[in-house]
Amino acid sequence: MGQTYNFAWDQLGDIEEGRPNLGNRTSVAVYRLMQYTMRAVLEAEYGDARTRELLVMAGRLAGSEFCKNVLDVSLPLNKFIAQLHKALIDLEVGVMRVEKSDPENLDFVVTVSEDLDCSGLPLKGVTVCDYDEGFIEGIFSVYTGQSFDVKEVDCWTTGERTCRFTIKKKAS
């Protein structure tokens, strides 16, 4: 029987202590090496659809923990979005912009340019930012206390030069 692994923010460790010379930076190529080899193994074991589901689930957990540990959820929406935008740039994840905002109905469209996951990848004809879908979903769910459907509709790998995500509150 396998051990259940529960993630907690403190499992990221003390990077300053553990990497006194190298610090908290690494190359995008190394990050993508980890992500896309893991994806290849998951696809071989579980198929494309289940792999996408698992990546969304992992992203959702990461986004939830990121929101709880990095962002101030007490801010009004516009300041929260500005804080998220700055955090994603500071951490070199990507440049997020809001294209559409309907706060009353919790319906948004955001883009992420220079995305850590896919900017510069070859064309594939399909979106690949499943983890990002979950990450965004986790952030918005923690901030609002609501459930969301997040879908990537444009991606570098579909010929766009930015990733575009629709974010919609799930129907009750």
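Residue under question is Val41, and the condition is that it be closer than 15 Å to Phe135 by Cβ and assigned to a helix (DSSP H, G or I); does it hold? Here the answer is no, as Val41 does not meet what is asked.
For Val153, the test of being among the aliphatic types (A, V, I, L, M), in contact with a strand residue (DSSP E or B) (Cβ under 8 Å, 6 or more places away or on another chain), modelled with pLDDT of 95 or more and surrounded by fewer than 16 Cβ atoms within 10 Å (Cβ to Cβ) is passed. Do we find a residue being closer than 19 Å to Gly120 by Cβ, modelled with pLDDT of 95 or more and among the β-branched types (Val, Ile, Thr) anywhere in the stretch 32-46? Yes, the conditions are met somewhere in the stretch 32-46. The single condition from (1) aliphatic (A, V, I, L, M); (2) assigned to a loop (DSSP other than H, G, I, E, B); (3) without any contact (Cβ under 8 Å) to a residue 12 or more places away in the chain that Ala82 fails is (2).
Counting only residues that are out of contact with any Ser or Thr (no Cβ under 7 Å at 6 or more places or on another chain) and buried (at least 16 other Cβ atoms within 10 Å of the Cβ), the stretch 39-86 holds 18 of them. For the condition in contact with an Asp or Glu (Cβ under 6 Å, 6 or more places away or on another chain) and either outside any strand (DSSP E or B) or touching a residue at least 40 places away in the same chain (Cβ under 8 Å) (or both), Val109 qualifies. One residue stands out in the stretch 87-104 among those that are part of a loop (DSSP other than H, G, I, E, B) and out of contact with any strand residue (DSSP E or B) (no Cβ under 7 Å at 6 or more places or on another chain): the one that is surrounded by the fewest Cβ atoms within 10 Å (Cβ to Cβ), namely Glu104.
Is it the case, given these coordinates, that Leu116 is surrounded by 15 or more Cβ atoms within 10 Å (Cβ to Cβ), in contact with a Gly (Cβ under 7 Å, 6 or more places away or on another chain), farther than 21 Å from Ser141 by Cα and among the hydrophobic types (A, V, I, L, M, F, W, C)?
Considered against the rule, which asks whether it is surrounded by 15 or more Cβ atoms within 10 Å (Cβ to Cβ), in contact with a Gly (Cβ under 7 Å, 6 or more places away or on another chain), farther than 21 Å from Ser141 by Cα and among the hydrophobic types (A, V, I, L, M, F, W, C), Leu116 comes out as yes.
The values are calculated or read from the model by the stated rules, or taken from the named source; none is laboratory data. Everything numeric here is computed off the predicted structure, so don't read it as measured data. Positions of Cβ are generated from backbone atoms using ideal geometry, with glycine treated the same way; all protein chains shown enter the neighbour counts.
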